[in-house]
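Below is one structure, written out as structure tokens; the observations come after it.
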Amino acid sequence: MGGDCWTHTGPYEPDLAAAFRRAQEEQLSEDDHGFPGRTVEELWRDPEWHEYIFTGGTATVLDQPEMIDATDSDDGPFMRPLTDEEIRAWAPDGRPTYDDWDAALDSGRLDFPDRSQGRCTVLYADGEPARIGYWGVTSD
């Protein structure tokens, strides 16, 4: 079986890891996926959550336990921001809008990562950081 592709946007914060955790918390408050009353950190310490994620997942930012550095080559279930070079490959000015991001994903100029992985990039409106675009592929 292959994973399912997903996209999501979340609030912008200069600290991308903090923004990612905030997006996760917002997503978890909308749907606890049958794991009520737990934080994201608590979920990722629960073997039952691991089983849930790695046999289907949520198709959201909840599918990755943490954010790694943009240059990290780990292929585990992590969220990784794009490098400047990766951004400029589909958004030459380095300041993609939501529409740029959406069109790049639709056209294949921006790839979805491998299974169990996520990517993110800052999205701009009127030249200013406005949101963060997240996309990934479920484990199964």
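The values are calculated or read from the model by the stated rules, or taken from the named source; none is laboratory data. Here the structure is a predicted model, which means the values were calculated and not measured. FYI the Cβ positions are ideal-geometry reconstructions off the backbone, even for glycines, and counts take in every protein chain you see. Just the protein is used for accessible areas: all its heavy atoms, side chains included, with ligands, DNA and RNA removed. Shrake-Rupley method; radii C 1.70, N 1.55, O 1.52, S 1.80 Å.
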Within segment 85-108, residues touching a Leu at 6+ places or on another chain (Cβ under 7 Å) and free of Cβ contacts under 8 Å to residues at least 24 places away in the same chain come out as Trp90, Ala104
Any hit, segment 88-96, residues being within 19 Å of Thr7 (Cα to Cα), in contact with a Phe, Trp or Tyr (Cβ under 9 Å, 6 or more places away or on another chain) and surrounded by 20 or more Cβ atoms within 10 Å (Cβ to Cβ): yes
Within the bounds of segment 36-46, is there any residue that is open to solvent by 80 Å² or more (accessible area, probe 1.4 Å), under 21 Å from Pro129 (Cα atoms) and basic (Lys, Arg)? no
Among the residues listed as Ala103, Ala130, the single one being open to solvent by 20 Å² or more (accessible area, probe 1.4 Å), in a strand (DSSP E or B) and not β-branched (Val, Ile, Thr): Ala130
Checked pairs for segment 19-41, first over 17 Å from Arg80 (Cβ atoms), second acidic (Asp, Glu) and assigned to a loop (DSSP other than H, G, I, E, B), C-beta under 9 Å and 6 or more apart or across chains, list as Arg22/Glu13; Phe35/Asp46; Arg38/Asp32; Arg38/Asp46
Scan segment 106-127 for residues that are assigned to a strand (DSSP E or B) and either charged (D, E, K, R) or modelled with pLDDT under 95 (or both) and jot them down. Arg119
Could you check segment 56-67 and list, in sequence order, the residues that are touching a strand residue (DSSP E or B) at 6+ places or on another chain (Cβ under 8 Å) and either open to solvent by 20 Å² or more (accessible area, probe 1.4 Å) or of a type in the set (Gly, Ala, Ser) (or both)? Ala59, Glu66, Met67
